[in-house]
Structure formats: structure tokens, C-alpha cells
Amino acid sequence: MSKKIDSKELINKAIEARKNAYVPYSNFPVGAAVLMDSGKIYTGCNVEAASYGATNCAERTAIFKAVSEGERKIEAIAIVGDLNAITYPCGICRQVFIEFAKEMKIIVATSENKYKEYSLGEIMPFSFTPDDLNNINNGGK
Ligand code: THU
């Protein structure tokens, strides 16, 4: 762990990033801010496309920005979607969390003062991980 996780700082960055969401089809803006083990924070928003399946969630936008800058390990992510009810990360994003964290904190918020925190193990139990591929490559050992 590079530094103590400041949940409110991450939430506020996610709220800022949410303003850039490109959501002409769903009108459901989401913002995310991810803290990497370098101590740097990367933000992202959801980006939609007329071919809906091309849509990228806010979480993956933030993580892919980080990874494309050379980062490899997530410490925490804050997610802000609906401002009245907590928005939880989708299954595809959870799978990407697993790719870049054995454990991490997931902060889901509607505001700086209203949020819940989870561990990756809590929201992604019995997951398929990069280690599972290694098991196959090592003859199951
Ligand atoms: N979305 C996210 O960006 N993150 C989530 O955690 C849930 C869903 C986006 C995808 C799409 O642009 C919109 O929300 C509605 O599904």
C-alpha cells in the first residue's frame, strides 16, 4: 500500500470525472477515480457509442488510462453514478479489477458523505483470475 486511502478525495475526483460522461443513449453518467500503487490517481467516465456494445464504463476508462501509463496495481477505486442510489460496478469491470488487484478497496458513493466501502473479495468471490491460467500452463500445479 503506497499511502493511506483518502476515500473522500477519490469520491470528489469521481464526481468531477462524471461531468465528462458521454451518455447520449442512457443519460446515466458515471465517474470513477482509481488510486494506483504509485500513489497516482486516474479518473474516467463512461463513453457510449451508437453501437451500444462499444460502450466503455467509467471504471474501465480510468483503469485503462492508468495501465496505459505503465501502472499495474490498483489500490482503490471510487465510483459515482446515480446520485440518489448507489451504483455498483458491472461484472465486466469487476473482472478488470481482478486483473490488476488481488485485493483493493471499492468505494461506491452518491456524494462525498454518503458512501460504502467493500473489499474485492466481497464483491467478486469465486472469481476467475490470472493465477488460474498459470495453473493450466503449469499442468494444474
Ligand atoms: N456504467 C458505468 O460506467 N459503470 C457502472 O458501474 C455501471 C454502468 C455505464 C455504462 C453505460 O454507459 C451506462 O452506465 C448505463 O449502463
Looking only at region 89-117, how many residues end up being among the hydroxyl-bearing types (Ser, Thr, Tyr) and in contact with a Phe, Trp or Tyr (Cβ under 9 Å, 6 or more places away or on another chain)? 0
Restricted to region 22-40 and to residues being of a type in the set (Gly, Ala, Ser) and out of contact with any helix residue (DSSP H, G or I) (no Cβ under 6 Å at 6 or more places or on another chain), the residue surrounded by the fewest Cβ atoms within 10 Å (Cβ to Cβ) is Gly39
Can you name every residue in region 45-74 that is of a type in the set (Ser, Thr, Tyr) and under 14 Å from Pro29 (Cα atoms)? Thr55, Thr61
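Residues are listed down the side, and each one gets a yes or a no for (1) at pLDDT 95 or above; (2) farther than 14 Å from Thr110 by Cα; (3) within 15 Å of the ligand (Cβ to nearest atom):
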residue: Glu9; (1), (2), (3): yes, no, no
residue: Ile15; (1), (2), (3): yes, no, yes
residue: Tyr25; (1), (2), (3): yes, yes, yes
residue: Ser38; (1), (2), (3): yes, yes, no
residue: Cys45; (1), (2), (3): yes, yes, yes
Collect the residues in region 48-77 that are closer than 15 Å to Ala14 by Cβ and within 13 Å of the ligand (Cβ to nearest atom), keeping them in residue-number order. Cys57, Ala58, Glu59, Arg60, Thr61, Ala62, Ile63, Ile77
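The values are calculated or read from the model by the stated rules, or taken from the named source; none is laboratory data. Quantities reported herein were computed from a predicted structural model and do not represent experimental measurements. No Cβ is skipped: glycine too gets one built from the backbone with ideal geometry, and neighbour counts run over all protein chains shown.
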